[in-house]
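To start, the structure itself, in structure tokens.
The values are calculated or read from the model by the stated rules, or taken from the named source; none is laboratory data. Everything numeric here is computed off the predicted structure, so don't read it as measured data. Here the Cβ positions follow ideal geometry from the backbone for every residue, glycine too, while neighbour counts run over all protein chains shown.
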Amino acid sequence: MENIKGLAHIGILTSDAEKSKDFYVNNLGFMFDYETILHKTDGSSKKLLFVKLNNVMLEFIESSDKTNPICNSGVIDHISFEVKNIDKICEQLIQKGIVFKTPQPIKLPDVYNGAKIIFLEGPNGETLELFEYILT
């Protein structure tokens, strides 16, 4: 598919995004790239913190819900692919019978000055994200 540009990032669940950032920056040579907080309608939030080394981007996801052990476990949450024209790619995948976990692309104006994402499931149950930068 010509509109898939490559790996955007790997999302990792963490109980402490700052601690994760410090580990990767101070021990493995990563550089801090970006940070934001997403607020949900149910009152919860997620802190997203990105670090980068060459062409590898990691996203640390810290949930405000500290009671869920899965949210704090270091588990890889998703693999994200950077795309161009996410709507067209979604149409192509729907024609191939792919069912998305989210019904349509979600606009995130507070992530990297604008992004559009959608999630789907890979053949082994892995969560995949399509990620498009859209400057707002």
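Side notes on the structure shown:
- Considering segment 5-20, and only residues there that are of a type outside the set (S, T, Y) and assigned to a helix (DSSP H, G or I), the residue that is farthest from K116 (Cα to Cα) turns out to be K19.
- With respect to (1) hydroxyl-bearing (S, T, Y); (2) exposed (fewer than 13 other Cβ atoms within 10 Å of the Cβ); (3) at pLDDT 90 or above, the lone exception for T41 is condition (3).
- Residues in segment 1-44 that are of a type in the set (V, I, T), within 15 Å of the chain's Cα centre (by Cα) and closer than 27 Å to K88 by Cα: I10 alone.
- Entry remark, segment 52-87: residues being modelled with pLDDT of 90 or more, at positive phi and out of contact with any Asp or Glu (no Cβ under 8 Å at 6 or more places or on another chain) number 1 in total.
- Set V111, V99: member being within 19 Å of I10 (Cβ to Cβ) and among the β-branched types (V, I, T): V111
- Out of F32, F23, F50, sole residue that is surrounded by 14 or more Cβ atoms within 10 Å (Cβ to Cβ) and in a strand (DSSP E or B): F50
- Subset of segment 99-136 [touching a strand residue (DSSP E or B) at 6+ places or on another chain (Cβ under 6 Å), in a loop (DSSP other than H, G, I, E, B) and among the β-branched types (V, I, T)]: T102, V111, I134
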